[in-house]
Amino acid sequence: MDQEIISLLTRKLDILDQIADNTERQGRFIKKQQMTGLRRLLRERETLIKELGDIVEILREKSIPAGDCEVHSLQKNIKGRHAEILAACRQVLQSAQSLKGEIFSQLHSTRTSYRLNSQYIYQWERPVSRARINAKV
């Protein structure tokens, strides 16, 4: 029973390490604006989170012994790793939001300049047809 809990906690810690690595790679993909790789990473992250949820459900069903130092040290490591992952996720989210704002402003300026060019500037420079207004009869 004790070894099973320890193996589940170590598996949980391994999954948290994989999620932390995934989060770091997401930050790099966001900076490079590689959306296909980012989608793949998000799918991987989703499967890791589902697996983590399954482990948490199994651990809830089991009673954790009160005097086991190894279990408590693993739980302490898991809590610390969880806090690190949350901080990294917040940082990645902030960088994604700032990049979204930059892309929006670039797109807005591009659309505005296109509208300005197509509707106002080049409108008067269009070639006039050479046909006469009043045709000779």
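None of the figures in this text is laboratory data; all of them are computed from the coordinates on show. Just so we're clear, the structure is a prediction, and the values are computed from it rather than from any experiment. Because the Cβ atoms are built from the backbone with ideal geometry, glycine has one as well, and the counts that use them run over all protein chains shown.
Numbers for the structure displayed
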item	result
Cα gyration tensor category, rounded, prolate or oblate, for the range 1-127 with a/c compared to 1.5	prolate
Two-site label geometry, Tyr114 and Ile49: point separation in nm, points 7 Å out along Cα→Cβ	3.4
Size of electric dipole in the chain: Cβ of Lys, Arg +1 and of Asp, Glu -1, about Cα centre, debye, nearest 20	1760
Charge dipole of the chain about the Cα centre (unit charges at C-beta), most positive-ward option of Ile78, Tyr114, Val56	Tyr114
CD proxy at 222 nm, helix term only [per DSSP H run n ≥ 4: -39500 (n - 2.57); per residue of the chain; nearest 500]	-28500 deg cm²/dmol
Whichever lysines have a C-alpha closer than 24 Å to that of Lys100, once near sequence neighbours (fewer than 8 apart) are set aside	Lys31, Lys32
Loop trypsin sites (Lys or Arg not before Pro), the range 1-51 (other Cβ atoms within 10 Å of the site Cβ: 12 or fewer; DSSP)	none
FRET efficiency for Asp14 and Gln91, using Cβ-Cβ distance with R0 set to 22 Å, rounded to 0.05	0.45
Candidates Ala87, Ala96, Ala66: whichever shows maximal mean-square fluctuation once the chain is modelled as a Gaussian network with Cα springs under 10 Å	Ala66
Simple label model, 7 Å out from Cα along Cβ direction - Lys31 to Ala83, nm	2.6
Residue range of the chain that is longest and free of chymotrypsin sites (Phe, Trp or Tyr not before Pro) which are both DSSP loop and sparsely packed (at most 16 other C-beta within 10 Å)	1-121
